1. Of everything in the range 134-151, what is over 13 Å from residue 216 (Cα atoms) and out of contact with any helix residue (DSSP H, G or I) (no Cβ under 6 Å at 6 or more places or on another chain)? Give them in sequence order.
2. Give, as residue ranges, the helices (runs of 4 or more DSSP H) completely inside the range 75-146 that count at least 2 residues that are in contact with an Asp or Glu (Cβ under 7 Å, 6 or more places away or on another chain), closer than 29 Å to residue 233 by Cα and modelled with pLDDT of 95 or more.
3. Quick one: how many residues across the range 197-214 are assigned to a loop (DSSP other than H, G, I, E, B) and either outside the structural domain of residue 184 (by TED's automatic domain parsing) or surrounded by 13 or more Cβ atoms within 10 Å (Cβ to Cβ) (or both)?
4. Is there any pair with a first residue in the range 23-47 that is among the acidic types (Asp, Glu) and a second that is buried (at least 20 other Cβ atoms within 10 Å of the Cβ) whose Cβ atoms are under 6 Å apart and which are 6 or more apart or on different chains, and what are they?
5. How about the range 161-193: which of its residues are farther than 21 Å from residue 40 by Cβ and either among the charged types (D, E, K, R) or in contact with a Gly (Cβ under 6 Å, 6 or more places away or on another chain) (or both)?
6. Please find, among 30, 44, 57, 102, the residue that is over 17 Å from the mean Cα position of the chain (by Cα), within 30 Å of residue 193 (Cβ to Cβ) and buried (at least 17 other Cβ atoms within 10 Å of the Cβ).
7. Return the residues of the range 147-166 that are acidic (Asp, Glu) and in a strand (DSSP E or B); say none if nothing qualifies.
8. Quick check, is residue 228 under 30 Å from residue 33 (Cβ atoms) and surrounded by 19 or more Cβ atoms within 10 Å (Cβ to Cβ)?
Amino acid sequence: MARQKGYGQFCPVSRAAEILAERWTPLVVRELLCGSVRFNDLQRGVPRMSSSLLARRLKELQYAGVVERRRNAKASGWEYHLTDAGRELFPIVEGMGLWAQRWVRDDLVVDENLDPDLLMWDIRRSVDGARMDAGRRFVVRFEFSGVPSNRQRYWLVFEEGDADLCMKDPGFETDLYVSTHVRTLTEVWLGHVGLEASLRDERLRLEGSRQDMRRFRDWFALSLFAEAGREPPGAAAAAS
């Protein structure tokens, strides 16, 4: 791939920006850092990005030495893995997320940024499936208000210590129902609003057995950036 025209500066920041500051590229790196390696899984983490642009960005990251493409050892197709250079980007991506939580927090949950597909994909890969009973299938249905009708329902299916996200009814009996506005669960996920407070004021409602409702608190994990989301805006930076 031919190298694109850059900033024409010897500054290391300019070269890093040439590689990483292209539209969508930081989010593709975020998905790779979160463990997605298959193209379809990467696509689910950037649902508003076209597949053709995703393919292009992956090729650019390969050319830059950030990503390498490997044959899937267990199935047909390819996987995308970060190189040592790519893995070293973790504190940069983490720092971007923490900065946004501290300084532009309100922008994160404006209407145009609320995306139930991404929210549920993030929740799916963060839940602790190991806390579920071995040998028991456990199905959770999430129902959102504030979104189009075709994006209101999602299912998490726990089985054998793993969780699968379904956009259509998987056909299994539901054990636990979670209903809320998409903004509420996004705020909980980001740490802006406490889970217990949302349950108390019924902005987030659970329906199921008492045991399953109690265990929701055990397996439902928050965002990597939730701790910063609990702090007053700019608090951590001001204290340092």
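1. Listed by number, the residues that qualify are 134, 135, 136, 137, 143, 145, 148, 149, 150.
2. none
3. Counting residues in the range 197-214 that are assigned to a loop (DSSP other than H, G, I, E, B) and either outside the structural domain of residue 184 (by TED's automatic domain parsing) or surrounded by 13 or more Cβ atoms within 10 Å (Cβ to Cβ) (or both) gives 1.
4. 31/42; 31/45
5. Hits for the range 161-193 are 161, 173, 175, 176, 181, 182, 183, 187, 190, 191, 192.
6. Of 30, 44, 57, 102, the one residue that is over 17 Å from the mean Cα position of the chain (by Cα), within 30 Å of residue 193 (Cβ to Cβ) and buried (at least 17 other Cβ atoms within 10 Å of the Cβ) is 102.
7. Answer for the range 147-166, where residues must be acidic (Asp, Glu) and in a strand (DSSP E or B): 159, 162, 164.
8. Here the answer is yes, as residue 228 does meet what is asked.
The values are calculated or read from the model by the stated rules, or taken from the named source; none is laboratory data. Quantities reported herein were computed from a predicted structural model and do not represent experimental measurements. As a convention, Cβ positions derive from the backbone with ideal geometry for all residues, glycine included, and neighbour counts pool all protein chains shown.
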